[in-house]
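J.: Sharing a structure below in structure tokens format, with a few things to ask.
The values are calculated or read from the model by the stated rules, or taken from the named source; none is laboratory data. The model shown is predicted, which means the values in this text are computed figures rather than measured ones. Here the Cβ positions follow ideal geometry from the backbone for every residue, glycine too, while neighbour counts run over all protein chains shown.
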Amino acid sequence: MRRRGMTRRRGTFQGLLTGLWLIGVMCCAAVTATPAQRPASPPLLLSDYSDPANPDFSGPPVLPAWGDPASAAFVGPPRPIPFALMGQHIAAASIARLSWTASEGFAGASVESPVVVVHGSRPGPVLCLVAAVHGDELNGVEIVRRVSNTVDPVALVGTIIAVPIVNPFGFSRDSRYLPDRRDLNRYFPGTAYGSVASRVAHSFFGSIVEHCDYLVDFHTGSFERSNLPQIRADLRLPEVLAFTRGFGATPVLQSNGRRGMLRVAATAAGIPAVTFEVGAPRRLQADAISFGVQAIETLLHALGMTGNSPNWDTQQAVFYDSQWVRADSGGLLISEVALGDWVAAGQQLGRVVDPLNNRDEAIVSPIPGRVLGMALNPVVLPGFAAYHVGAETSAQQAAATDAGDESSDGSEDEDADATLENDPRSPTPGEAVGTDGPAPMMEDVSGIDD
Ligand SMILES: [Zn+2]
């Protein structure tokens, strides 16, 4: 067990950074070959968002590179240390294909899921890439497959653990859920003697997650919604904030998350983790997959694990706030915007037409921002979350408006209807669900996600 408290980790993290920075300076000065030391960065604070080189850029600073593997200071003699996982030892500079036993099936046989370990030739971070925690979300499965099969273990620093299908039950049934209708992403880190979901989560967390230094959990929109490729992360945590800066120009959305999510449980165990939303469920989307692969290749370089990084021609945008815009009438949704469009406050996003009574109702954006997610299914009911609009915010603005407060929590929009329609739990006091009076046209996402 490698369970660590975030508070304790944060203290040691900063101390470690300071120490490693000194080591890095000494290495560069003497051009000695200390292997794979991570040049340190100063701790990132919410007030540190200006970039002197680019006064127009208001986002957080770029993730400090931990080292250029091609530099004399970084490259040292390979240390062939085997990597141990699930009782197997993987030799340095090699790839191993293992199986994680998720559970037993109905016939009593093991239900297994593949795990690919790419163990580099030099020691470094352990990056975990996982997908299909929701079994019908496929884009991440392909992203994880491509990355894990194209990285050269001889050139790699550190280790990649790739689990393309965390929920083999749902994957085989084209279902988001486990066979007991539970959402696996509400049960991490799980327990050994709990529900089906809790036991699967417990097995995965102990077998895989606790061996990670960083974790990326791929998802898509849910229930016929598509998401612009985006990182969801709790930016209040400096380690997580710094981690999000390694994904190139991938937009970042502040999201506290909720209890039981894989990324929340991992972060609580001292492992910086993010959700990577990409596209829509039940399909493979070539552009979204290519974007995700490029983002992970960029991350590998940012973590000092590979020598090459893709080029991005845009800056990373950060959205500290976002809002769902809902249909207020039933009918057929006709969109007038596309995923990724920038919209103005009051701009018409689409309209709902009623084929029986010939009514036509506009849906307008309450805020200026970018369309981060939207419904694909044209048949909607009143209250259906149709558009997810993110408001780009500088960190200074976010800090001034209590960005870290629960009320500004970004939604896992894959969860929007899970809470409203599928989750049997009682609504929280802040939810509009179950209250009297008409549902508001637009809700703060905290009402959806708590
Ligand atoms: Zn999901």
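J.: Evaluate the following for Ala286: is it free of Cβ contacts under 8 Å to residues at least 40 places away in the same chain, assigned by TED's automatic domain parsing to the domain that holds Glu392, out of contact with any Phe, Trp or Tyr (no Cβ under 8 Å at 6 or more places or on another chain) and more than 16 Å from the ligand (Cβ to nearest atom)?
T.: For Ala286, the condition - free of Cβ contacts under 8 Å to residues at least 40 places away in the same chain, assigned by TED's automatic domain parsing to the domain that holds Glu392, out of contact with any Phe, Trp or Tyr (no Cβ under 8 Å at 6 or more places or on another chain) and more than 16 Å from the ligand (Cβ to nearest atom) - is not met.
J.: Which one of the conditions (1) surrounded by 17 or more Cβ atoms within 10 Å (Cβ to Cβ); (2) over 27 Å from Thr298 (Cα atoms); (3) of a type in the set (A, V, I, L, M) does Val157 fail to meet, given that it meets all the rest?
T.: Among (1) surrounded by 17 or more Cβ atoms within 10 Å (Cβ to Cβ); (2) over 27 Å from Thr298 (Cα atoms); (3) of a type in the set (A, V, I, L, M), Val157 violates only (2).
J.: Being under 21 Å from Leu284 (Cα atoms) and buried (at least 24 other Cβ atoms within 10 Å of the Cβ) narrows it down to one residue among Gly221, Gly120; which is it?
T.: Going through Gly221, Gly120 in turn, the sole match is Gly221.
J.: Restricting to the range 286-316, what's the tally of residues that are part of a loop (DSSP other than H, G, I, E, B) and either of a type in the set (Phe, Trp, Tyr) or surrounded by fewer than 18 Cβ atoms within 10 Å (Cβ to Cβ) (or both)?
T.: 9
J.: Can I ask one more? Select, from Thr306, Thr298, Thr267, Thr314, the only residue that is under 14 Å from the mean Cα position of the chain (by Cα) and of a type in the set (Ser, Thr, Tyr).
T.: That would be Thr267, the only listed residue that is under 14 Å from the mean Cα position of the chain (by Cα) and of a type in the set (Ser, Thr, Tyr).
J.: Can I ask one more? Only one residue in Ala201, Ala192 is more than 30 Å from Ser335 (Cβ to Cβ), without any contact (Cβ under 8 Å) to a residue 12 or more places away in the chain and not polar (S, T, N, Q), so which one is that?
T.: Only one candidate qualifies: Ala192.
J.: Can you tell me which residues in the range 321-349 are of a type in the set (D, E, K, R), over 13 Å from His388 (Cβ atoms) and outside any loop (DSSP other than H, G, I, E, B)?
T.: None - no residue of the range 321-349 is of a type in the set (D, E, K, R), over 13 Å from His388 (Cβ atoms) and outside any loop (DSSP other than H, G, I, E, B), so the list stays empty.
J.: Does Arg176 meet the test of being within 16 Å of the ligand (Cβ to nearest atom), over 16 Å from Arg263 (Cα atoms) and among the basic types (Lys, Arg)?
T.: So Arg176 fits the description; yes.
J.: Right, something else. Hey, could you check the range 188-207 for residues that are under 17 Å from the mean Cα position of the chain (by Cα) and either crowded, with 23+ Cβ neighbours inside 10 Å or not in a helix (DSSP H, G or I) (or both) and say which is nearest to the ligand (Cβ to nearest atom)?
T.: Step one: list which residues in the range 188-207 are under 17 Å from the mean Cα position of the chain (by Cα), which gives 188-189, 205.
Still in the list and also either crowded, with 23+ Cβ neighbours inside 10 Å or not in a helix (DSSP H, G or I) (or both): 188-189.
On the way: Phe188: 13, Pro189: 18 Å.
Per the criteria, the residue is Phe188.
J.: Still on this structure, please answer the following. Name the pairs whose Cβ atoms lie under 8 Å apart, with the first residue in the range 114-129 and free of Cβ contacts under 8 Å to residues at least 40 places away in the same chain and at positive phi, the second among the charged types (D, E, K, R) and assigned to a strand (DSSP E or B), and 6 or more positions between them or separate chains?
T.: Final answer for the pair search is none.
J.: Could you check how many residues of the range 258-279 are crowded, with 24+ Cβ neighbours inside 10 Å and within 16 Å of the ligand (Cβ to nearest atom)?
T.: Residues that pass the stated criteria total 11.
J.: Of these, Tyr193, Tyr187, which one is touching a Ser or Thr at 6+ places or on another chain (Cβ under 7 Å), in the same structural domain as Ala93 (by TED's automatic domain parsing) and among the aromatic types (Phe, Trp, Tyr)?
T.: Values: Tyr193 fails: touching a Ser or Thr at 6+ places or on another chain (Cβ under 7 Å).
None of the other options fit; the residue is Tyr187.
J.: Exactly one of (1) over 15 Å from the mean Cα position of the chain (by Cα); (2) within 15 Å of the ligand (Cβ to nearest atom); (3) crowded, with 21+ Cβ neighbours inside 10 Å is unmet by Arg182. Its number?
T.: All conditions are met except number (3).
J.: Does the range 302-318 include one or more residues that are farther than 23 Å from Val389 by Cα and among the aromatic types (Phe, Trp, Tyr)?
T.: yes
J.: Hey, another quick one. Out of the range 72-120, which residues are modelled with pLDDT of 90 or more and over 14 Å from Val163 (Cα atoms)?
T.: The answer is Phe83, Ala84, Gly87, Gln88, His89, Ile90, Ala91, Ala92, Ala93, Ser94, His119, Gly120.
J.: Which residues, taken from the range 121-171, are part of a strand (DSSP E or B), of a type in the set (Gly, Ala, Ser) and over 25 Å from Arg186 (Cα atoms)?
T.: Gly124, Gly158 - these are the residues of the range 121-171 that are part of a strand (DSSP E or B), of a type in the set (Gly, Ala, Ser) and over 25 Å from Arg186 (Cα atoms).
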